[in-house]
Amino acid sequence: MRRTRRDTRYLLSRPWEGLLGIVGEVAVEWHDEERREVGVVSVLPAHPQELLTLDLSGQERRNMTVRVLESGPVVLVDGSIRHRLRLAIVD
């Protein structure tokens, strides 16, 4: 019996479905209440149509569910790469 990491160790008879949320800070660039959209710059990329939770802090703490409309890389002045996301507010 081979014992490598590529060998199957456990196989579910019925696969589970789930969602993994990665915590990452974002900088909010803009907010359009009329179109119900938010623009942010993130260290982490996101996939179009992905549902996320945006936790805004400040004077008034607010959580909102958002859907990724667009995601693309952007190079900052210091040469670091970030991801600019356009998000639609779901709730």
What's the total number of residues in the stretch 56-81 that are over 12 Å from residue 40 (Cα atoms) and within 13 Å of the chain's Cα centre (by Cα)?
3
Hey, does the stretch 34-46 have a residue that's modelled with pLDDT under 90 and among the polar types (S, T, N, Q)?
no
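The values are calculated or read from the model by the stated rules, or taken from the named source; none is laboratory data. These figures come from a predicted structure and were not determined experimentally.
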